[in-house]
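What follows is one structure encoded as structure tokens, with my remarks underneath.
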Amino acid sequence: MPDSPDTPDTPDSTGGVPAAGAVPQSPGHEGATGTPAGAHPSDSPNGPDSQPPTMVKVSINAPQFQVAAAHPERVERGIAVMFVLGLLGFAGFGAAYYQNAANYWLGGSLAVGFFGLGVGMVAWGKYLMPRGPFSESRHSAAPTEEEREAFLTDFSSRGKVAVERRGFLLKILGVVGGVFGIVAMFPLLRSLGPLPKNMFYVTKWRKGSYLTTSDGRRVHVDDLDVGSVMTVFPQDDVGGAMSQTMLIRISTVNVITAADRKSWGPAGYVAFSKVCTHAGCPVALYQKLIEELLCPCHQSIFDIGPDPDHPGWYTPAMPVFGPAPRPLPQLALYIDRQGYLRAQGPYYEPVGPGFWERGAQGIAQ
Amino acid sequence: MIDSLYRWVDDRLNISGGTRKLLNKIFPDHWSFMLGEIALYSFVILVLTGIFLSLYFVPSQKDVIYHGSYLPLDGTHMSEAYASTINLSFSVRTGLLMRQMHHWAANIFVGSIVVHMCRIFFTGGFRRPREFNWIIGVNLLILAIFNGFLGYSLPDDLVSGTGIRIAFSILEALPIVGSYLATFLFGGNYPGTAIIPRFFILHVLILPAIIAALIGAHLGLLVKQKHTQFAGNGATERNVVGSPMWPIFIAKTNGFLFLVAGVTAALGAAVQINPIWQYGPYVPYHVSYAVQPDWYMGWLDGALRVMPSWEIVFPGHMIPNAFFPGILLPGITFTLLMMWPMLEARIRNDTLEHQILEEPRNNPWRTSIGAAVLSFYFVLFGASATDVLANYLQVSLNTVLITFRVLCILVPLIVGPVTYKICLELQHQHRPTKTKRHNIVMRSAEGGYSTIEVQARPGDERTILPPIPVDAMILVNDDGEPILADGGPVTVGAGAGPGAGSGRGNGSRGLFRIPRSYR
Ligand code: HEM
Ligand code: FES
């Protein structure tokens, strides 16, 4: 491999200007003629085109062909050092791999290898190759009017014979294509998953479901102290993403959150869906002092503190801050004869974020 | 040997005729043209490291109990996807390095695309005839962000799992088709067991293939339409000034590929990224505090946060809250971005071809609009850290959130006019000269200072050479004799005959040809 292709070795060229420059010569001068390939004049929207470029004689000794470096041998030595550094880096990577060394040895040696190679190559291109500038000509991106005309003539004249007279066939072809497009959607889209049906309206909570912890224990009325919380599931869906429910013991007496929820909070226990009504994250943080539930995803806050309008009542997880638009649905609880906490029934509205089919009440049609 | 092999191939594929023009393709020397190259090379690195990762990653949500070399998680339930990523990080040699390089390269990829796009925008590089390349570019940006999100979701850790949950909700929020799309894509209600395998195939096959095809089209158009360039140094609307592909640009750009690889390797070695073993496996009812997605999702996360708690409800139907920040905002953003070249041409009534780039200061109108819009997204990005800021500044979340809602509107309104003014100021300022000149500062006996500008010394000033047209030159030796590949003399004007214009044998010579020693 020659190390500086076609570049004459000009040791301490400081950009001195040799006699033969790169001044374009007019046609006829020096006898240089000929039009380079594709160098048509074209009607540009940007004003009159310049003359088609004519061949110019350029001396290989023109300053543009000299290397940019003032001291090419020094640069060459430097590049060699960088390449050797690259070599050492890659060799080091091999060694580090062999030794099963730590990540920073592996990556560090690899980085040294790449940097050595990269710096060397860039320097080679920048300092040891003709410094330029060079140029090439360009033309309007648009075709000439004649080219356009010729193409359109060919296209439509042949098209008339072959296609337009067979308009009927063309129409059938269109229909066939359309039908194919539609049936192709079946395997591509429809077989991916089930129709939503009532999926977003129901959870696994049923009448009588036991409130069950994530490790499968039923929750007993004595399990929680006032001011503590726990995530519960129906016994047949432990760990379920949609049925996860926040159980909070607010007090020791029956908790009322609304006129139609007088019996939903026995013995100070209230349960709210843990699926945020904003974008579905678990509303996982219970802030005991201020009696709020916080969703860590976008900081929606749901109030479960005393209801200012009804002394003795509590707020049913109303969104008071952040983007969540709706309160967390409340699960009606009761305590069975053995003292276990159970659900009076399913959630009365869809849990989680909104969706198109969900009306204001969110009742399944 | 090389010669006969070359001939053998060339006789069949005609490399000499077809590829010669490519050797002469001129690349402008301005630094800002490297931004697209960074994107290109980080994509190369993504593909290479990604192939490695795909050999060890198991795209499955099957529940397993972990027993591996990372002891803190021993005995923990997790999905196979998460377990295989832990193994990749701790039990596969160079696995952690490849993971971290891949993730860093993804961040650099999207970052360089954004900066590249800004450079094209602010210099007017998208104007006729380059609208197509702009549109391809916007699509590349969308795909890059999207593929980044998919990749980051694959390990099924607690942080990314929460992201998938939000993605489901955003899909669900799409009017009319949302519920269907969500259950189709996830194979049922959230979470299902299908999403990791599906994300995997999208992430490693489908989107990369589309991205690769679009990059091909992007660069193909670049060759066809040639580069834009800044004015000066002999640049006109009818030429391109810079370095030719062979060998100068090839050397520099390959070096640059290695530099980008070096930066990624250094980052992968030294800067931890996405330590999923610290987050733990995804459990639908767990969530970690102060979760931040990758930076390029930050503006969407911020938008979800600052959006007021509105929802449009009408009988039987609703447009959920997440629709506005999660679908409408990116929809408007990318549609406007894509349409911008046409919009600008219409508004400014400028439908001419432009090959010379504008200095941003010289088009204060566009520059200030761009800056204002950009600042809006910066504010949204900042808003993705409301919780961290509230903690850090010891103020209430409430204050921080309200502040950001105000800033979203206020900052662009300020940035726009201020940028406009700055542009005008810059226009009137005289340009700094390229060559640095030393000044002598004198202190007089009284303590006063005065400056003497030093005269330029010979060699100080940059000699601006006229560009040599590589596609229309005949290289001659000292005697004025044309230099040929085989070193023999040539009759001047030999190409002016019937063969002229065919691209071969017309006397037009490439700049760098196979030297004699090769033949
Ligand atoms: C995968 C992502 C991308 C890659 C690999 C890529 C690569 C490149 C490269 C190497 C260039 C030539 C040099 C340069 O101007 O930097 C280029 C030019 C260009 N890019 Fe991109 N780019 C990407 C994304 C984008 C995006 C997001 C946009 C805009 C929305 C865009 C718009 C353009 C335009 C209009 C040009 C032509 C400008 C000129 O000739 O100077 N590209 N691209
Ligand atoms: S998901 Fe709860 S605030 Fe966004």
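Quick rundown of the values:
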{"item": "Unique match (being crowded, with 22+ Cβ neighbours inside 10 Å and either assigned to a helix (DSSP H, G or I) or within 12 Å of chain A (Cβ to nearest Cβ) (or both)) among B:A261, B:A266", "result": "B:A261"}
{"item": "Residue match in the range A:342-361 (condition: over 29 Å from B:M318 (Cα atoms), modelled with pLDDT under 90 and open to solvent by 10 Å² or more (accessible area, probe 1.4 Å))", "result": "no"}
{"item": "Enumerated helices (runs of 4 or more DSSP H) restricted to the range B:8-108, each holding at least 3 residues that are away from chain A (no Cβ under 14 Å) and either within 16 Å of ligand 1 (Cβ to nearest atom) or farther than 30 Å from A:G108 by Cβ (or both)", "result": "B:34-54"}
{"item": "Selection from the range A:101-135 of residues that are within 21 Å of A:A68 (Cα to Cα) and either under 31 Å from the mean Cα position of the chain (by Cα) or among the basic types (K, R) (or both)", "result": "A:G118, A:K126, A:R131"}
{"item": "Residue within the range B:308-321 that is in contact with a helix residue (DSSP H, G or I) (Cβ under 6 Å, 6 or more places away or on another chain) and either among the hydrophobic types (A, V, I, L, M, F, W, C) or away from ligand 1 (no atom under 16 Å from the Cβ) (or both) present", "result": "no"}
{"item": "Qualifying positions in the range A:284-306 - more than 12 Å from ligand 2 (Cβ to nearest atom), on the phi < 0 side of the Ramachandran plot and open to solvent by 30 Å² or more (accessible area, probe 1.4 Å)", "result": "A:Y286, A:Q287, A:K288, A:L289, A:I290, A:E292, A:D303, A:P306"}
{"item": "Residue among A:A332, A:A343 that alone is touching a Pro at 6+ places or on another chain (Cβ under 8 Å), more than 16 Å from ligand 2 (Cβ to nearest atom) and in contact (Cβ under 8 Å) with a residue 60 or more places away in the chain", "result": "A:A343"}
{"item": "Given (1) open to solvent by 20 Å² or more (accessible area, probe 1.4 Å); (2) within 14 Å of chain A (Cβ to nearest Cβ); (3) of a type outside the set (D, E), index of the condition B:P129 fails", "result": "(1)"}
{"item": "All positions within the range B:308-326 that are buried (at least 24 other Cβ atoms within 10 Å of the Cβ) and at the interface with chain A (Cβ under 7 Å from one of its Cβ atoms)", "result": "B:P320, B:N321, B:A322"}
{"item": "Count - residues of the range B:207-241 that are facing chain A (nearest Cβ under 7 Å) and within 11 Å of ligand 1 (Cβ to nearest atom)", "result": "3"}
{"item": "Filter result for A:F155 (open to solvent by 60 Å² or more (accessible area, probe 1.4 Å), within 13 Å of another protein chain (Cβ to nearest Cβ), part of a helix (DSSP H, G or I) and aromatic (F, W, Y))", "result": "no"}
{"item": "So A:A96, is it farther than 30 Å from B:D471 by Cβ and assigned to a helix (DSSP H, G or I)", "result": "yes"}
{"item": "Criterion (without any contact (Cβ under 8 Å) to a residue 60 or more places away in the chain, within 11 Å of chain B (Cβ to nearest Cβ) and either open to solvent by less than 40 Å² (accessible area, probe 1.4 Å) or away from ligand 1 (no atom under 16 Å from the Cβ) (or both)) met by exactly one of A:C276, A:C281", "result": "A:C281"}
{"item": "Subset of the range A:104-147 (residues that are in a loop (DSSP other than H, G, I, E, B) and open to solvent by less than 40 Å² (accessible area, probe 1.4 Å))", "result": "A:L128, A:M129, A:G132, A:P133, A:R138, A:S140, A:A142, A:T144"}
{"item": "Subset tally (residues that are surrounded by fewer than 18 Cβ atoms within 10 Å (Cβ to Cβ), part of a loop (DSSP other than H, G, I, E, B) and β-branched (V, I, T)) for the range B:206-254", "result": "1"}
{"item": "Listing of helices (runs of 4 or more DSSP H) fully contained in the range B:154-205 that carry 2 or more residues being within 16 Å of ligand 2 (Cβ to nearest atom) and either touching a residue at least 24 places away in the same chain (Cβ under 8 Å) or at the interface with another protein chain (Cβ under 9 Å from one of its Cβ atoms) (or both)", "result": "B:158-172"}
{"item": "Restricting the range B:7-63 to residues that are of a type in the set (D, E, K, R) and under 30 Å from B:L158 (Cα atoms), the residue that is least open to solvent (accessible area, probe 1.4 Å)", "result": "B:D63"}
{"item": "Filtered residues of the range A:191-227 (kept if exposed (fewer than 13 other Cβ atoms within 10 Å of the Cβ) and free of Cβ contacts under 8 Å to residues at least 60 places away in the same chain)", "result": "A:S191, A:L195, A:K197, A:D215, A:G216, A:D225, A:V226"}
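The values are calculated or read from the model by the stated rules, or taken from the named source; none is laboratory data. These numbers come from a predicted model, not from an experiment. Positions of Cβ are generated from backbone atoms using ideal geometry, with glycine treated the same way; all protein chains shown enter the neighbour counts. The area values use the complete protein model at the heavy-atom level, side chains included, leaving out ligands, DNA and RNA. Shrake-Rupley method; radii C 1.70, N 1.55, O 1.52, S 1.80 Å.
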